[in-house]
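Here is the structure we will look at.
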Amino acid sequence: MLRPIVRLLLSNGITFPFLSDLLKKIYVETAEKEFGLGVRPLTDSRITLLTGVHRKDVRRLRHEVVPENSAPSALTLGTRIVARWLGDPSYLDPAGAPRPLPRTPHKGGAESFAALVEKVSKNVRPRSVLDELMRLGVIEIDAEDRVHLVTRGFVPGKELDAKAFYFGEALHDHLAAAVDNLGGDKPAWLERSVYYDELSPAAVQQLTEKSEKLSMQVLQEINRDGIALEASDPPTLTQRMRMRLGVYFYAEPVPQPPTAEAPKPAPRKRNRSDK
């Protein structure tokens, strides 16, 4: 479970001491929020007992101001715009694919890219959104001044911070579902996979393409339903919930067993005639 994470950390220059200090904070925060004793707040000593983090560090970490871990506004807005583009029938062609949109209302009216942005937020100028999504590699503009959605979801291709943010969001929810299911004390979340280990590279490529096609159909249908349900059945502030449906596919060569070495011939006994 941890090897891919460590590979990512090492490739980005994040060392063990940095990770160790970060884990201390997470241990203390988690113990305080999820392992309380009813109405009684946990003492530093109790958290030390639970986590193994030294009480001096617990005291320091409990009084540190934790920076807000929220998405950059451009990413949040970009996600909502792409979701609307993929889920609103007025922006889709007869086959259900996202249509190229005229950039301005002058050319496209209510079905322009600018109108799409204003449906999602009236606080940001469409031109600013256009420039940012182009920088992230999410959209392109053709010679006819039409905006094309390059990806079939919000998958930034050029900005490491953007990709890292969504990496963390998706991985957190996948792990949270799996951990809940492992505990067995709650109704199981959807968390399934299929596995084969005797496939050729060509077969893996075929399954990759089919998996992407089928999974995108599922995600787009759930996206359309989510947009419709948000509009038709808005919750009260205290009833608001979030959800995420994710799909993944991974393949790699199967490790080969070590080749058995041929047995070495036994040393020939020497006798006097060999001298």
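Nothing in this text is a laboratory measurement; each read-out follows from the coordinates by a stated rule. Keep in mind that this is a model prediction, so the values were computed, not measured. Note: ideal-geometry Cβ built from the backbone for every residue, glycine included; neighbour counts use all protein chains shown.
If you take the square roots of the eigenvalues of the alpha-carbon gyration tensor of region 1-121 and sort them as a ≥ b ≥ c, do you get rounded (a/c under 1.5), prolate (a/b over b/c) or oblate?
Prolate, because a/c is 1.5 or more and a/b exceeds b/c.
Pairs Lys119/Lys213; Lys33/Lys186; Lys56/Lys186; Lys186/Lys213: which are spaced more than 26 Å apart, C-alpha to C-alpha?
Cα-Cα > 26 Å for Lys119/Lys213; Lys56/Lys186; Lys186/Lys213; rest within.
Of Leu171, Leu61, Leu133, which is the most mobile in a GNM of the chain whose springs link Cα atoms less than 10 angstrom apart?
Leu61
Pick out, from Thr43, Leu136, Thr151, the residue whose Cα sits farthest towards the positive end of the charge dipole of the chain, with +1 on the Cβ of Lys and Arg and -1 on the Cβ of Asp and Glu.
Thr43
If amide hydrogens are placed 1.01 Å from N in the peptide plane, which non-local residues have theirs closer than 5 Å to the one on Ile139?
Distant-sequence amide H within range of Ile139: Met134, Val150.
Take the alpha carbon gyration tensor of region 192-234, find the square roots of its eigenvalues, order them as a ≥ b ≥ c, and report rounded if a/c is under 1.5; if not, report prolate when a/b exceeds b/c, else oblate.
prolate
Take the alpha carbon gyration tensor of the chain, find the square roots of its eigenvalues, order them as a ≥ b ≥ c, and report rounded if a/c is under 1.5; if not, report prolate when a/b exceeds b/c, else oblate.
Oblate is the answer for the chain, as a/c is 1.5 or above yet b/c matches or exceeds a/b.
Given a 10 angstrom Cα cut-off, can you work out which residue in Ile141, Ile47, Ile81 is the most mobile in a GNM of the chain?
Ile47
What are the ³J(HN,Hα) values, in whole Hz, obtained from phi via the Karplus relation 6.51 cos²θ - 1.76 cosθ + 1.60 with θ = phi - 60°, for each residue of region 204-214 in sequence order, with x given for Gly and Pro?
4, 4, 5, 5, 4, 5, 5, 5, 5, 5, 5
Using Cα centres only, tell me the gap between region 18-42 and region 75-148 in whole Å.
The two parts, judged by their Cα centres, are 42 Å apart.
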